[in-house]
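Everything on this sheet refers to the single structure shown next.
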Amino acid sequence: MNKRDLVDVVANKTGLTKTDVQKVVDETIHTIVCYVSHESIRLEPLGTFRLVERSARIGRNPKTNESINIPSKITMGFKASKSAEEKFR
C-alpha cells in the first residue's frame, strides 16, 4: 500500500473527499517528521517513531568490489507496538 492507496481507503471509509484526506495525511506525516527530531512519538496501537544513530561502517561497491567508508548518520526509526505485532502473526 502506498500513500495514494491509503488516501483512497480512508476517503471511502469516512465519506470525506480525497483532497481533504490527502491534506490530513500530508500534515500528519509532516508533523511526525518535524517532532521526531525533538522527542519520540508514540502512536498506539501503531508504534513509536524515534531518531536512530547508525554507526560508521565499511561497505563495498558491488560493481568494483572496492571497499568504501560509510559515515555515521542519524535517521528516523520505527518500532511496532506489541499489539500491532500480534495482529500480524
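What to note about this one:
- Of 83, 72, 67, all but one fail to be within 21 Å of residue 28 (Cβ to Cβ) and more than 15 Å from the chain's Cα centre (by Cα); the exception is 83.
- Hey, residue 27 surrounded by fewer than 11 Cβ atoms within 10 Å (Cβ to Cβ), charged (D, E, K, R) and modelled with pLDDT of 90 or more or not: yes
- Being among the hydroxyl-bearing types (Ser, Thr, Tyr), farther than 22 Å from residue 76 by Cα and either surrounded by 11 or more Cβ atoms within 10 Å (Cβ to Cβ) or modelled with pLDDT under 95 (or both) is a property that holds for residue 14.
- Restricting 83, 72 to those that are loosely packed, with under 11 Cβ neighbours inside 10 Å and not charged (D, E, K, R) reduces the list to 72.
Results for (1) at pLDDT below 90; (2) in contact with a helix residue (DSSP H, G or I) (Cβ under 9 Å, 6 or more places away or on another chain), shown as yes or no for each residue.
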| site | (1), (2) |
| --- | --- |
| 6 | no, yes |
| 18 | no, yes |
| 22 | no, yes |
| 31 | no, no |
| 36 | yes, no |
| 46 | yes, yes |
| 49 | no, yes |
| 69 | no, no |
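- Selection status of residue 41, among the aliphatic types (A, V, I, L, M), surrounded by 11 or more Cβ atoms within 10 Å (Cβ to Cβ) and in contact with a strand residue (DSSP E or B) (Cβ under 7 Å, 6 or more places away or on another chain): yes
The values are calculated or read from the model by the stated rules, or taken from the named source; none is laboratory data. This structure is a prediction, so every number in the text was calculated from the model and none was measured. All Cβ positions, glycine included, derive from the backbone under ideal geometry; neighbour counts span all protein chains shown.
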